[in-house]
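Quick notes on the structure that follows.
No lab work stands behind these numbers, since they all come straight from the coordinates. All of these numbers come straight from a predicted model, not from anything done at the bench. We place every Cβ from the backbone using ideal geometry, glycine too, and count neighbours over all the protein chains shown.
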Amino acid sequence: MEDTEKTLLQQIREKEQEYATKLEAVKKETDAAIASAQADAESLLCTADSAAKKEAEELYWQEKGKIEAGIADLRLSSESEREAAVDRGKKNLTRAVGRITGYVAGE
């Protein structure tokens, strides 16, 4: 009977060792999966950061272009207003000279 018990104890120890081996294998697989997930997450963060920088730069240049176009429009507008003022001044120049001369001459 002692041989049977010993055999049962040996069988139990073998099963324990088998499960310990399986547990170690699962643990290694899990650690590898975690490491892979962390590497993937790091890669995604880098990609997202790079994409965000690229989009921010594109937005900057887009908006800068709009602002420069607005400035160009303002310059054109102010130039045409200036030219219109010069034209009005030229049209009124003779009359203004006559009035000033008359005022100075005391007429």
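With the condition kept exactly as written, say whether any residue in region 82-94 is of a type in the set (Asp, Glu), more than 29 Å from the chain's Cα centre (by Cα) and surrounded by 10 or more Cβ atoms within 10 Å (Cβ to Cβ).
yes
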- Query: Which of the residues spanning region 95-107 are loosely packed, with under 10 Cβ neighbours inside 10 Å and either touching a Gly at 6+ places or on another chain (Cβ under 7 Å) or part of a helix (DSSP H, G or I) (or both)?
  - Reply: ARG95, TYR103, VAL104, ALA105
